[in-house]
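K.L.:
Please see the structure below; I have some questions.
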Amino acid sequence: MNNKWFELDTIYRGDCKEILSMKKPEIEKIFQAYGESLPNQFVDLIYMDPPFFSNRKYEVIWGDGSEVRSFNDNHWYSSDGTRRKTIDAFLEFIRERVEKCYSILKPTGSFYLHCDWHASHYLKVMLDSIFGYNNFRNEIVWYYYNRWTAGKKDFQRVHDVILRYTKTNEYVFNIQYQPYSKSMEDGFQKNGYVKRSSPKKGDYISTKKEGVAMHDVWNISFIHSQSKERIGYPTQKPEALMERIIKSSSNAGDIVLDPFCGCGTTLASAYKLKRHFIGIDVSNTACLLVEDRLKKLGADVKYMGKPFLVKHTREMQHFDFQNFIIGGFGGRCNVKTGDLGIDGWDRNGVPIQVKKQDNVGREEIDRFRGAIDRYYEQLGNKNKKRMGIFVSYSLTSGAYNEIARLKKEGTFIEGLPLGSDNSNAEEIFKIWNDTFNELEDL
């Protein structure tokens, strides 16, 4: 079989439950129908790093500060659409997605689920019921030892848990090694062998291997705040961790899936190790970040599911919508708290306000005008032409009248409505480029 699809390294925006539920013809259509049908089970390795049931809300500034992302790890939607915060709702959320992963995993494939003390014991029981108790292979302890904050009433928590399962008894496993201790290494260098600490068959190790076979406690440091590897994602995992998993349970040319790909560490590691990858995330912001990260590595990556239509943007969380709009203008987000009505700036430094709502009225335009005035006054150039971009789904006639009045006073606010749900959301970026050039000529 000519596996053209297997060579298609792809980021896919959406809920992995929905994406992995699609029938093969639908997937082929979205992946632009490269001419081959998919086998039912085609993934060699799945690494899943879902929410941890931590009941926290994360807010983060990405990379160079141009994008902001926040997400909740304190509620989950059940299959009937009900939003709940219970452990049962969390387990239902995870189970539905693990079952979809199981259905596409090869018989020789492996599955890793990353979790911590909040729910690891519940998840172990759940995974036993899906993969089978006898297909449980390891409870890996990731010991991120460089954290020194002491607990006041409890022992300091310095590890996560990674549950490893296979689909059958026939699976890929490449033994990994850790370095010899200094005394063993010295013995090899001096004598060519090392005496065993306790007598067994033969009292000496006479053949030096790569090291000692890796055990299930992995001493890998978390990513320090000043590390070049850090992107800004609050739950970002180190590449060293992902490389060990990928090397252990896949071979070059295999397919690696991360259904909660976040900032893309799994995908980047897979690419560096000459594996094919599939990443899925509900966030357009995350998908764009991963796309950029992989392209910088030289990967020929595709991003499927960009929210080109207005109706797609309505499904976004506000932070994702704001990032999408400001990113479309080639700009950067305002990452300061108390932004006084300016959400970001376009590539030319023009202030932008983004409202994820319909029928924006005159009052909102007036408030934005005040923000524009304060911004240009802070620049120290009172004679500078005052311009602003206001994006929403629609504006009232009162808003348009106020924009016209302000223009006569020398404040140019371009009201850019996204239009009908079937409109191309990116049209507003083209409209503004033409408008900006006209305003610059005035």
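Quick note: the coordinates plus some simple rules give every number you see, no bench work behind them. Since we're looking at a predicted model, the values are computed, not measured. Ideal geometry is used to build each Cβ from the backbone, glycine not excepted, and the neighbour counts take in all protein chains shown.
K.L.:
Quick check on my link table: of Lys385/Lys430; Lys228/Lys356; Lys167/Lys272, which ones sit more than 28 Å apart, alpha carbon to alpha carbon?
P.N.:
With Cα atoms farther than 28 Å apart: Lys228/Lys356.
K.L.:
Here's something else I'd like to know. Just rank Cys16, Cys101, fewest to most, by other beta-carbon atoms within 10 angstrom.
P.N.:
Placing the least packed residue first, the sequence is Cys101, Cys16.
K.L.:
Local charge sum around Phe111 (other residues, Cβ-Cβ under 10 Å, Lys/Arg +1, Asp/Glu -1)?
P.N.:
+3
K.L.:
Starting from the Cα of Glu210, move 7 Å in the Cα-to-Cβ direction to define the label point; list residues of segment 236-260 whose amide nitrogen is under 14 Å from there.
P.N.:
243-252
K.L.:
Now for a separate question. Answer with one residue from Ile428, Phe412, Ser392: the one whose Cα lies farthest towards the positive end of the charge dipole of segment 311-441, charges on Cβ with Lys, Arg +1 and Asp, Glu -1.
P.N.:
Phe412
K.L.:
Still on this structure, I have one more. Report the one residue of Ile325, Gly305, Gly344 whose Cα lies farthest in the direction of the positive end of the charge dipole of segment 298-381 (charges on C-beta: Lys and Arg +1, Asp and Glu -1; origin at the Cα centre).
P.N.:
It is Gly305.
K.L.:
For segment 339-412, give the magnitude of the charge dipole about the Cα centre (Cβ charges: +1 Lys/Arg, -1 Asp/Glu; no others), in debye to the nearest 20.
P.N.:
320
K.L.:
Next up: What full-extension length gain, to one decimal in nm, is calculated for Asp116 and Gln378 as 0.36 nm per residue of separation minus the Cα-Cα distance?
P.N.:
89.6 nm
K.L.:
Can you give the relative contact order of segment 311-441 as a percent, counting alpha carbon pairs under 8 Å and 6+ residues apart?
P.N.:
Relative contact order comes out at 21 percent.
K.L.:
Let me ask another. Quick one: net charge of Ile140's neighbours, Cβ under 11 Å, K/R +1, D/E -1? The partial results should precede the final answer.
P.N.:
Details: positive: Arg137, Arg164, Arg244; negative: Glu139, Asp160, Asp216.
Cβ neighbours under 11 Å give a net charge of 0.
K.L.:
Okay, next question. What is the gain in length, in nm to one decimal, between Phe155 and Asn359 on full extension, counting 0.36 nm per residue of separation less the C-alpha to C-alpha distance?
P.N.:
68.0 nm
K.L.:
Also: Given R₀ = 22 Å, what would the calculated FRET efficiency be for Asn251 paired with Gln41, taking r from the Cβ atoms and rounding to 0.05?
P.N.:
0.85
K.L.:
Taking R0 as 22 Å, what's the FRET efficiency between Lys302 and Lys272 from their Cβ-Cβ distance, rounded to 0.05?
P.N.:
Efficiency for this residue pair is about 0.75.
K.L.:
So how many Å³ per residue does the convex hull of the Cα atoms of segment 311-441 work out to?
P.N.:
Dividing the Cα hull volume of segment 311-441 by its residues yields 102 Å³.
K.L.:
Please rank Thr285, Thr266, Thr435, fewest neighbouring Cβ atoms within 10 Å first, as an exposure proxy.
P.N.:
By the 10 Å Cβ count, ascending: Thr435, Thr285, Thr266.
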